[in-house]
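Report on the following structure.
Values quoted throughout were computed directly from the atomic coordinates according to the rules given, and no laboratory measurement underlies them. Quick caveat: nothing in here was measured; it's all calculated off a predicted structure. For neighbour counting, all protein chains shown are included, and Cβ atoms are generated from backbone atoms with ideal geometry for every residue, glycine included.
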Amino acid sequence: MKKFLGLMILGMASASVGLAQETMKPTESKMQMEGKAEMKPSSDDKTSKFDADGKIKRGAAIGTAKKVSLAKAMKNPGKYSGKLILVEGVIVRSCKMEGCWMELAPKKDASAVRIKMKDHAFFVPLDAAGLNAKVEGVMSVKTLTKAEVDHLMNDDGAKFDKINADGTVTEVSFEATGVELTKN
């Protein structure tokens, strides 16, 4: 009787553990429940793996957007705001957490524009700084809140040339739909 009772308790405990594992699967995030999969970089996203042509391609394939000098676009961002364009430059800094943004400059020591990957649908390698980039996407001018500025500076290492007195930043940014990275 004691053996039977012990086996029954052991069996119930095993069933409870199995049931608990089934019900304790990671819960869906709010984004997943709304039909938007939450993106995380894969191991391929985190490292610089060049293809046979010496390129790293992420996001949508570079299409036929109008090619614009990055220096020219940064000098007059309002002219290109909201338009699909293609720019080229060197990556001076990138997100070290996911690779969800990078700062692109016309040349190594020039001012840079922050480029975010559209909808967090793709990422650049965490070691992308120093690589050349061809980027297709949409330029915009917007004001970042103090909280956004603090997050970008403290958590991601972003730098801003001019921070407003209230802690906000008027930023020229670029939302990339596709990128091609190459070595210098």
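Residue-wise HN-Hα couplings along region 101-117, as the Karplus relation 6.51 cos²θ - 1.76 cosθ + 1.60 with θ = phi - 60° gives them from phi, are 8, 8, 10, 10, 10, x, 8, 3, 9, 9, 5, 10, 10, 7, 10, 9, 8 Hz; Gly and Pro carry x.
In this calculation the C-beta distance from A71 to I163 is compared with R0 = 30 Å, giving a FRET efficiency of 0.85. The peptide list 143-152, 126-135, put in order of mean Cβ contacts within 10 Å with the highest first, becomes 126-135, 143-152.
For region 42-182, the square roots of the Cα gyration tensor eigenvalues, ordered a ≥ b ≥ c, give a/c of at least 1.5 with a/b no greater than b/c, which places it in the oblate category. In the structure shown, do any of K49/K146; K79/K118; K49/K75; K55/K83 have a Cα-Cα gap over 28 Å, and if so which? The pairs that break the limit, which is 28 Å between Cα atoms, are K49/K146; K49/K75.
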